[in-house]
Amino acid sequence: MFLQNLHKRHNMNPFLPFVSLTIILCVGCHSKPLSIASEQVTYPGATLSSLTELMDAIEVVRLQHGDSILTDDRVRLLQQDSSFYLVDILGEQNIYRFGYDGRFLNKIGEKGQGPEEFSYMLDIDIEEKDDCVHVLSQPYCTIVRYFKNGTFKERKQADLPANGFCRSGNGYWLLAGYGDRTLLLHLDDSLHVTDSVRLIQFFMDKIPYPLQKFSSFAGQSFFWQFPFPTVHRITPDTVQQALFFDFKDQYIPTPTTPQREPIEDKKITCISKYWENSTYALAEIGTREKKQKIMLNIYGLKNKASGQWQWVEYITTPEKPFIPDWYPTRTQGFAQDGRLMCFFFGNEIEELTDEARKLITNPQELENIDPEMDMFVLLCRFK
């Protein structure tokens, strides 16, 4: 009852979310400790020259476009119910829905201050069973729900500082707080706090953005947190460490690391993206050494049947300019049919390698490309 009363509507005092979180930390919820990761993955170095070596077919889907579709180049692609959802969180703040054949279906929601709009989108999740798109927005923890046809359903709000979230069962797991007051909070459907997990976090200067991420598959979600190379598995009832990536020469802060430690001259390796489906797990991992101007992208693909990981890496140095393959930074997770999704704008298709082009089953979709307007989804099937 205490926590429920805590989340009734207030007059939006700017300090209230932090006061609420402090109370939760102190007396409201018993924060569960995180378990030890069940799988430790040691990086042996690259085992492949390209992920293309593991693929046997690529289908190209050209997304219909019009002058009304506005996106930034840092888009996010989701797939649910035979639809693609193109989400532009860091740019124009738009959500577009396309059919599996690329047909434009509708726009979802609108940025604004109206009762059926979101003021600033922080995160998004899509759930199959309730036919809804869930948008996490400011101020504080505001969740706006839309039907997939774009019709507004409802909005709810809790006085908590929110950074990200995922739908879980009939509620949510919310990433709340900042610095050493960072929690994963479990909220019921009315946004009342029912459980919490304390996370390790550090105050450090010049931390790259973004810091946290979620992904989902088959009723469970995955969460990772900068700068730790650990993936957490989330269900409606539990948060468990699932994977720990061991990069032996990386810089990882420990609980004894001084706060506000400068990190710009450190070698840092952290998880950028992580997804699973029934057959594979895919991790995109980034390493940087700013002092030496070295950037490294690493991709790890696990075959769940064999338990084997395969690794690809791409390195950038002043002496060796980075020539991107067709999928680095383009990977967008797995479609429901198990294929890897990659997203391209028209002017980026030239990055496709000859090896990738040989696997395309419908090359006619790459004819007469408009480099300024065209958008493509590549569905890649592993052998």
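The values are calculated or read from the model by the stated rules, or taken from the named source; none is laboratory data. From a predicted model like this one, the values you see are computed outputs, not experimental measurements. All Cβ positions, glycine included, derive from the backbone under ideal geometry; neighbour counts span all protein chains shown.
Within the span defined as region 262-274, every residue fails to be of a type in the set (Phe, Trp, Tyr), over 28 Å from Val61 (Cα atoms) and at pLDDT 90 or above. Of the residues making up region 115-147, those that are more than 16 Å from Arg76 (Cβ to Cβ), in a strand (DSSP E or B) and either touching a Pro at 6+ places or on another chain (Cβ under 8 Å) or not hydrophobic (A, V, I, L, M, F, W, C) (or both) are Glu127, Gln138, Cys141, Thr142, Arg145, Tyr146. The condition of being crowded, with 18+ Cβ neighbours inside 10 Å, closer than 13 Å to Phe84 by Cα, out of contact with any His (no Cβ under 7 Å at 6 or more places or on another chain) and aromatic (Phe, Trp, Tyr) holds for only one of Phe98, Phe118, that being Phe98.
Selection of region 155-192 for residues being among the hydrophobic types (A, V, I, L, M, F, W, C) and part of a strand (DSSP E or B) yields Ala158, Ala162, Phe165, Cys166, Trp173, Leu174, Leu175, Ala176, Leu183, Leu184, Leu185, Leu187. Looking across Leu86, Leu63, Leu54, one residue alone is surrounded by fewer than 18 Cβ atoms within 10 Å (Cβ to Cβ), among the hydrophobic types (A, V, I, L, M, F, W, C) and out of contact with any helix residue (DSSP H, G or I) (no Cβ under 9 Å at 6 or more places or on another chain). It is Leu54. Among the conditions (1) modelled with pLDDT of 85 or more; (2) closer than 25 Å to Asp354 by Cα, the only one that Pro324 does not satisfy is (1). Candidates are the residues of region 345-373 that are hydrophobic (A, V, I, L, M, F, W, C) and outside any loop (DSSP other than H, G, I, E, B); the one that is surrounded by the most Cβ atoms within 10 Å (Cβ to Cβ) is Ala356.
Here region 191-202 is the region considered, the condition is being polar (S, T, N, Q) and either surrounded by 20 or more Cβ atoms within 10 Å (Cβ to Cβ) or modelled with pLDDT of 95 or more (or both), and the residue that is nearest to Thr235 (Cα to Cα) is Ser196. The residue that is nearest to the chain's Cα centre (by Cα), among those in region 73-88 that are assigned to a loop (DSSP other than H, G, I, E, B) and either small (Gly, Ala, Ser) or under 18 Å from Lys148 (Cβ atoms) (or both), is Asp88.
Taken as a whole, the condition of being among the aliphatic types (A, V, I, L, M) and modelled with pLDDT of 90 or more applies to Leu136. Every test in (1) farther than 21 Å from Ile271 by Cα; (2) outside any strand (DSSP E or B); (3) over 22 Å from the mean Cα position of the chain (by Cα); (4) not charged (D, E, K, R) is passed by Leu70 save one, and that test is (3). With the checklist (1) within 18 Å of Ser168 (Cα to Cα); (2) surrounded by fewer than 18 Cβ atoms within 10 Å (Cβ to Cβ) in hand, flag the one item Val144 doesn't pass. For Val144, the failing item is (2). The single condition among (1) surrounded by 22 or more Cβ atoms within 10 Å (Cβ to Cβ); (2) touching a residue at least 60 places away in the same chain (Cβ under 8 Å); (3) farther than 21 Å from Val197 by Cα that Leu160 does not meet is (3).
Residues of region 89-114 that are at pLDDT below 90 and among the charged types (D, E, K, R): Glu92 alone.
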